[in-house]
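The values are calculated or read from the model by the stated rules, or taken from the named source; none is laboratory data. Predicted model, so just to flag it, every value in this text is computed and none were measured. When we count neighbours, we look across all protein chains shown, and the Cβ atoms used for this are built from the backbone with ideal geometry, even at glycine.
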Amino acid sequence: MVRLTVEQVTMILLLNNQLDENGVPFGSRRIAAIMGCNYSTVCRWINRWERERRVHALKPIGRPRKTTEEQDCQIVALSIVMRFANLTELLAQLPEIHVCKATFISRLREHGLKFRIAAKKERLTNRNKINRIQMANENLNLNLNLEIWQKVIFLDEASIESTPNGQFRVIRFKGTRYDNDNIVASRA
């Protein structure tokens, strides 16, 4: 959630009290479009001004943060470097930061990181790649009819690999599942 600056809130309130070039008052939806924010945000600030006559947000109440911005950066940096480590291992690497596992996970999520099940695929050597291309080229011009394809059986070998703590997990950003750094090499 991005907070509006005092200047942006002031602009919303000024537009709310002015008429456009045709003499029509700016509506909340039009102000939201001009300011690039949500309609509900515009309504909230207009109502807040009418009730309380203030343009700044109150200091949030609640529990104070357990970590500083610098500690948050340390947590994120370590998690990116040790992306296949579990929480216990990561917390052991940062003894000066005294937080529970839930807080640690919250800090990762604030920066767009999550613990996810790691993708597995066999790492191909250059020789494997050459052999696959060669086989594809050899069979490129074969005219296999339907009878032959009905006799072909495709096999998919599956194996289950895990760590003593369960499945392999990786700390990664959304949309990076198949990046080489996020893949666990399966046994060939």
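See the values below:
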| read-out | value |
| --- | --- |
| Spans of helices (runs of 4 or more DSSP H) in region 1-118 with at least 2 residues under 28 Å from R169 (Cβ atoms) | 69-81, 87-93, 101-110 |
| Residue check for K101: over 27 Å from L113 (Cβ atoms), of a type in the set (K, R) and loosely packed, with under 14 Cβ neighbours inside 10 Å | no |
| Lone qualifier among A77, A118 - being of a type outside the set (S, T, N, Q) and either out of contact with any helix residue (DSSP H, G or I) (no Cβ under 9 Å at 6 or more places or on another chain) or surrounded by fewer than 15 Cβ atoms within 10 Å (Cβ to Cβ) (or both) | A77 |
| Checklist (1) among the basic types (K, R); (2) free of Cβ contacts under 8 Å to residues at least 12 places away in the same chain; (3) within 27 Å of E110 (Cβ to Cβ) applied to R3, failing item | (2) |
| Residue tally, condition exposed (fewer than 12 other Cβ atoms within 10 Å of the Cβ), of a type in the set (S, T, Y) and in contact with a helix residue (DSSP H, G or I) (Cβ under 9 Å, 6 or more places away or on another chain), over region 25-70 | 1 |
| Hey, N180 modelled with pLDDT of 65 or more, closer than 30 Å to H111 by Cα, loosely packed, with under 10 Cβ neighbours inside 10 Å and of a type outside the set (F, W, Y) or not | yes |
